[in-house]
Amino acid sequence: MIDKGCAKLSVSKQCKLHDVGRSGLYYKPISTSSLNLELMRKMDEHYLIHPYKGAKRMHVWLTKDLGYRVSLNRVENLYFNKMCLRSILPGPHTLKRNKAHKIYPYLLRDLEITKPNQVWATDITYIPMAIGFMYLIAVIDLYSRYVVHWSVSNGMEAEWCTNFIKESFRVSGTTPEILNTDQGSRFTSKDFISAVIDEGVKISMDGKGRATDNAHIERLWRSVKYENIYIEPPTDGIDLYLKIKDYMYYYNNKRRHSKIADQVPRTQYFCSKPTHSSARAA
């Protein structure tokens with residue numbers, strides 16, 4: 001659908017007209033061994049059921065229960081660096097963060113969330129492909145469980161996350177009062193922090209080793225994978241983009257959520273949607 005040699009329309013404009021993401025256009029399977037891809041797929045599925053398992057316990061499961069002959073170093077590299085996973089149990093070294101970056105306190109403990117756009121949460125997850133893998137980032141409104149915005153990419157660079165959150169503010173026409181993230185280096189980077197604070201948004205970060213602090217978006221990942229990705233793994237970046245697009249539409253507009261009285265997220269988000277930045281929305 002995209003003509004890279006078109007003199008009249010840039011690739012960016014063509015992608016916008018076709019409603020596809022540029023990251024999908026430039027997708028190339030990430031270079032890794034077939035064994036690593038197999039291990040990551042196994043760990044991804046197992047982690048969604050047993051999120052309390054860290055890299056060491058995941059290694060024990062792979063070697064003792066499944067019979068893989070792999071080292072702990074290999075599993076740790078895939079678990080932490082490639083898949084960006086962490087155990088929900090408190091403990092050291094559960095997240096790769098830059099010690100030079102400022103860490104913000106967790107603001108959601110005992111906070112009553114009573115309206116849309118009071119708190120958003122964002123995170124990144126590993127997405128297995130038929131060949132290779134990509135990453136999905138999303139921002140979700142915690143009151144309504146509405147997915148405000150999402151994006152896919154080949155990597156987890158801080159620049160991608162920064163551009164994504166700026167775009168989230170733009171496409172939604174508003175900003176939250178609080179944005180919750182983990183302590184990953186992408187979310188603690190100077191550019192990302194500035195992009196959030198400059199909009200008057202307070203930053204909240206999960207406690208170290210406490211993945212449960214961002215449990216709402218972790219539940220979204222489980223739904224995306226079990227109800228969509230695992231059923232028919234995407235063949236390439238465009239296929240992934242289209243599958244995620246279809247699923248997010250279904251999730252926001254048709255899928256009823258038990259935590260919001262079996263309502264659909266869109267209804268809860270827009271029924272009484274007060275905005276944090278009314279001037280911006282206007």
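The values are calculated or read from the model by the stated rules, or taken from the named source; none is laboratory data. Everything numeric here is computed off the predicted structure, so don't read it as measured data. Quick reminder, even Gly has a Cβ in these numbers, built from the backbone with ideal geometry, and neighbours come from all protein chains shown.
With the condition kept exactly as written, say whether any residue in region 241-250 is part of a helix (DSSP H, G or I) and at pLDDT below 90.
No, because not a single residue in region 241-250 is part of a helix (DSSP H, G or I) and at pLDDT below 90.
Mind checking which residues of region 125-161 are closer than 20 Å to TYR230 by Cα and among the acidic types (Asp, Glu)?
Selection gives nothing.
One line per residue, one yes/no per condition, for (1) free of Cβ contacts under 8 Å to residues at least 12 places away in the same chain; (2) among the polar types (S, T, N, Q):
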site: PRO51; (1), (2): no, no
site: GLY54; (1), (2): no, no
site: ARG69; (1), (2): yes, no
site: ASN77; (1), (2): yes, yes
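For residues in region 170-205 being in contact (Cβ under 8 Å) with a residue 12 or more places away in the chain and of a type in the set (Lys, Arg), which is farthest from VAL119 (Cα to Cα)?
Result: LYS190.
Kindly indicate whether ILE193 is of a type in the set (A, V, I, L, M) and surrounded by fewer than 21 Cβ atoms within 10 Å (Cβ to Cβ).
Here the answer is yes, as ILE193 does meet what is asked.
Among residues belonging to region 32-46 that are free of Cβ contacts under 8 Å to residues at least 60 places away in the same chain and either outside any helix (DSSP H, G or I) or buried (at least 20 other Cβ atoms within 10 Å of the Cβ) (or both), point out the one that is farthest from the chain's Cα centre (by Cα).
SER33
Would you please name the residue that is modelled with the highest pLDDT, looking only at residues in region 190-208 that are in a loop (DSSP other than H, G, I, E, B) and farther than 13 Å from PRO176 by Cα?
By that ranking, first place goes to ASP206.
Could you tell me whether LYS254 is at pLDDT below 90, within 21 Å of TYR146 (Cβ to Cβ) and of a type outside the set (Val, Ile, Thr)?
no
When you scan region 105-181 for strands (runs of 3 or more DSSP E) that lie fully inside it, which ones turn up with 3 or more residues that are under 19 Å from ILE260 (Cα atoms) and at pLDDT 95 or above?
119-128, 133-141
Scan region 156-163 and tell me whether some residue there is polar (S, T, N, Q) and either crowded, with 22+ Cβ neighbours inside 10 Å or under 20 Å from SER194 (Cα atoms) (or both).
Initially, region 156-163 is screened for residues polar (S, T, N, Q), giving 162-163.
Okay, now just the ones that are also either crowded, with 22+ Cβ neighbours inside 10 Å or under 20 Å from SER194 (Cα atoms) (or both), so 162-163.
Within region 156-163, one or more residues are polar (S, T, N, Q) and either crowded, with 22+ Cβ neighbours inside 10 Å or under 20 Å from SER194 (Cα atoms) (or both).
Could you look through region 140-169, keep only residues that are touching a residue at least 24 places away in the same chain (Cβ under 8 Å) and among the polar types (S, T, N, Q), and pick out the one that is farthest from TYR126 (Cα to Cα)?
Filtering first and then ranking leaves SER144.
With respect to ARG109, is the statement that it is under 14 Å from the mean Cα position of the chain (by Cα) and of a type in the set (Lys, Arg) true?
No.
Could you count how many residues in region 49-73 are at pLDDT 90 or above and either among the aromatic types (Phe, Trp, Tyr) or surrounded by fewer than 17 Cβ atoms within 10 Å (Cβ to Cβ) (or both)?
17
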